[in-house]
1. Being in contact with a Lys or Arg (Cβ under 8 Å, 6 or more places away or on another chain) and surrounded by 16 or more Cβ atoms within 10 Å (Cβ to Cβ) is the filter here; which residues of region 71-94 pass it?
2. So Thr6 passes all but one of these: (1) at negative phi; (2) at pLDDT below 95; (3) out of contact with any Leu (no Cβ under 9 Å at 6 or more places or on another chain). Which condition number does it fail?
3. List the pairs whose first member sits in region 46-69 and is in contact (Cβ under 8 Å) with a residue 24 or more places away in the chain, whose second member is crowded, with 17+ Cβ neighbours inside 10 Å and of a type in the set (Asp, Glu), and whose Cβ atoms are under 7 Å apart, counting only residues at least 6 apart or on separate chains?
4. Ser35 is checked against (1) under 15 Å from Trp97 (Cβ atoms); (2) modelled with pLDDT under 95; (3) not charged (D, E, K, R) and fails just one. What number does that condition carry?
5. Condition first: in a loop (DSSP other than H, G, I, E, B) and in contact with a Phe, Trp or Tyr (Cβ under 7 Å, 6 or more places away or on another chain). Now tell me which residues in region 68-86 satisfy that.
6. Keeping to region 101-111, report how many residues are surrounded by fewer than 16 Cβ atoms within 10 Å (Cβ to Cβ) and touching a Ser or Thr at 6+ places or on another chain (Cβ under 7 Å).
7. Considering only residues that are under 16 Å from Arg104 (Cα atoms), within 20 Å of the chain's Cα centre (by Cα), in a strand (DSSP E or B) and among the aliphatic types (A, V, I, L, M), which ones fall in region 11-67?
8. Trp97 versus (1) at pLDDT 95 or above; (2) hydrophobic (A, V, I, L, M, F, W, C); (3) loosely packed, with under 11 Cβ neighbours inside 10 Å: which is the lone unmet condition?
Amino acid sequence: MIPSVTSVELKSAPIEPSWIQEGNPQARNATLSRSADGLASTLVWDCTAGRFQWIYDIDETIYFLEGSATISDGHSEPKTFRAGDVLFLPRGAVCHWHVETYVRKVAFCRRTQPKIVGFAMRAIGKIKRTLARRPSQTVAPGFLEAA
């Protein structure tokens, strides 16, 4: 277990300048945890007022802690997310963020693997679970004495 708090000191994490559409949004973050294989991480992120695009190269689940942001993906109507709301954004999503004053979130990030790698990992896991459930092969009592 690795306990953590979201009140950590955040460091500057500038938004890609070409993504900024309006204002001067200032973003900061801090990593709370990272998996041993480096494919998953949890971080706290905050941002001041502005409009910007964000291109997701990972899967990200967001839990909003403070403030609000109106987010659209170009397919659905824009929606305002506030403290307590949860949002999942898959790898490849392109979202438009509008932060009126401030937003703070916890982001659960996961790098995705090619589908064939995921399939192989699930197959190996299933084989391991199946083998673990099989009763062990035991020698019948008295077998060794009779031999």
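1. Correct list: Ile71 only.
2. Single failed check for Thr6: (3).
3. Pairs found: none.
4. It fails just one condition, (1).
5. Pass one, region 68-86, residues in a loop (DSSP other than H, G, I, E, B): 73-78, 83-85.
Matches in region 68-86: Ala83, Gly84, Asp85.
6. Of the residues in that region, 1 qualify.
7. Once the filter is applied, which keeps residues that are under 16 Å from Arg104 (Cα atoms), within 20 Å of the chain's Cα centre (by Cα), in a strand (DSSP E or B) and among the aliphatic types (A, V, I, L, M), region 11-67 yields Ala27, Ala30, Leu32, Leu43, Val44, Ile62, Leu65.
8. That leaves (3) as the condition not met.
The values are calculated or read from the model by the stated rules, or taken from the named source; none is laboratory data. All of these numbers come straight from a predicted model, not from anything done at the bench. FYI the Cβ positions are ideal-geometry reconstructions off the backbone, even for glycines, and counts take in every protein chain you see.
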